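Structure first, then comments.
The values are calculated or read from the model by the stated rules, or taken from the named source; none is laboratory data. Keep in mind it's a predicted model, so treat the numbers as computed, not measured. Please note: Cβ atoms are built from the backbone with ideal geometry, for glycine as well, and neighbour counts cover all protein chains shown. Accessible surface areas use protein heavy atoms only, side chains included; no ligands, DNA or RNA. Shrake-Rupley method; radii C 1.70, N 1.55, O 1.52, S 1.80 Å.
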Amino acid sequence: MSDPFPTDRTAALQRLADFAPRMGRDYAQGRNTDPGPGRRRDVSCLSPAIRHRLVTEAEVVGAAVAGPGPRAAEKFIQEVFWRSYWKGFLELRPGMWAGYRTAVAADRAAIRGHALARAEAGTTGIGCFDAWVDELRSTGWLHNHARMWFASIWIFTLKLPWTLGADFMLRHLRDGDAASNTLSWRWVAGIQTPGKHYVARAENIARYTEGRFDPTGELEEDPRPIDAPPPPRAGALPAADRLPDGAFALLLHEDDLHPESLLPAGARVAAIAGVAVPEARSDGGCSALVADSVGASLADGLARASAHWGVPAVRVGVPELAGWAASHGLPVVTPWAPVGWTADALAGAGVPMRRVRRDWDSACWPLATKGFFPFREGIPTLLGRLVPDQPAGQPLWASAR
Ligand SMILES: Cc1cc2nc3c(=O)[nH]c(=O)nc-3n(C[C@H](O)[C@H](O)[C@H](O)COP(=O)(O)OP(=O)(O)OC[C@H]3O[C@@H](n4cnc5c(N)ncnc54)[C@H](O)[C@@H]3O)c2cc1C
């Protein structure tokens, strides 16, 4: 069977085109159901491609607008904006990522007994949970609803620290993302929206897995939310840099692999390199599947960039970056790496870089000051600004509902 998760832009665009007709009613009705690997038709499975920007959010939302239309595809469009919301939320509060990394290390050092090992090995005896561990390890992906159930069972039934669950998932996810993963785990635990936790219920799992699993009697269904301080207040989004007037060296990384649409026509790219450190996402590294998937996506980005600007492109390690930059003697330009392990690695590379940011991010991120629902009110305006070609006769949905 071909890989269900595209690692090159051509395959991702094909997947996008194939799924676009299902972004309306099919998605709205079927997105919560997980019929299992090989049988999913009502979700796009595009998250690794979007996470690396083999296809951009603007292209994905543009396909929904041009296909079923903004009203019919409202639910799908909102889900893509959840990603932008989470990215913005962390970008305005970078200390949450550093705090999470510290907490993972502390919780790992403090944990006693074998419960963590059983959870990570998928030998808890809870059939659905053990199957999701197996699926996560073998495919690098889980359906959104399964991620919610998984995190809830990890926290409230197995009573393991949420940080270690987030770390385990992140090591194995091909779409692994500092913002979406950390903040979704916080949300399930009830510390992102304080006091509101997500409780996995056997009846809900049986219904939305179409009877593949029925953990009746196996789950803690009346837990208290985790007690922790609320998220910090939002800070300001740092300004992005301007492109140099003359030639520059372009440094790509796993957070944005479509430089053809990031840089303006006429940009004078004279050298290209790419860096990927997926193993830096956790002190425990990442799975081989994740490393291969990220590496293949970066290789595709480098090959396209090389063809587009007509200069060679090489993959380099972080320790070689300073030498690569010095050998070209040009200013280094890089897509804005959002808060996470790549930004951490680039900041420690000792190379001055100009960080350029997409209009999408500059428009969305500053709005992530409060909860998603106030953010959602701004989506029609964002759509009008970021997805210009709205079909006639299909106005955006009304913002207040
Ligand atoms: C505990 C937990 C951890 C998660 N960790 C990650 C992660 O590390 N990386 C990641 O990309 N997503 C994460 N998600 C969000 C979501 O599960 C995946 O994005 C989604 O399952 C991807 O499937 P899809 O591509 O078929 O999405 P579709 O339903 O087809 O949606 C289209 C796109 O919208 C975005 N999207 C959809 N739902 C969400 C959501 N709830 N939050 C953020 N973006 C969303 C994704 O880019 C997705 O590809 C997590 C969710 C939970 C509950």
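General remarks:
- One residue from A105, A121 being free of Cβ contacts under 8 Å to residues at least 40 places away in the same chain, among the aliphatic types (A, V, I, L, M) and more than 9 Å from the ligand (Cβ to nearest atom): A121
- Looking across G99, G88, one residue alone is among the small types (G, A, S) and within 16 Å of the ligand (Cβ to nearest atom). It is G88.
- Flag for E218 being more than 25 Å from R31 (Cβ to Cβ) and surrounded by fewer than 21 Cβ atoms within 10 Å (Cβ to Cβ): yes
- Region 37-54 residues that are near the ligand (Cβ under 10 Å from one of its atoms), paired with ones that are among the aliphatic types (A, V, I, L, M) and assigned to a helix (DSSP H, G or I) (beta carbon under 6 Å, 6 or more apart): A49/A12
- Residue within region 315-337 that is in contact with a Leu (Cβ under 8 Å, 6 or more places away or on another chain) and either free of Cβ contacts under 8 Å to residues at least 40 places away in the same chain or open to solvent by 70 Å² or more (accessible area, probe 1.4 Å) (or both) present: yes
- Which numbered condition A276 misses (of (1) open to solvent by 30 Å² or more (accessible area, probe 1.4 Å); (2) within 21 Å of the chain's Cα centre (by Cα)): (1)
- For region 67-116, taking the residues that are more than 21 Å from R376 (Cβ to Cβ) and among the charged types (D, E, K, R), the one that is most open to solvent (accessible area, probe 1.4 Å) is identified as R112.
- Lone qualifier among T56, T33 - being of a type in the set (S, T, Y), surrounded by fewer than 20 Cβ atoms within 10 Å (Cβ to Cβ), under 18 Å from the mean Cα position of the chain (by Cα) and not assigned by TED's automatic domain parsing to the domain that holds D134: T56
- Of all residues in region 246-263, those satisfying the criterion of being assigned to a strand (DSSP E or B) and within 20 Å of A322 (Cα to Cα) are F248, A249, L250, L251, L252, H253.
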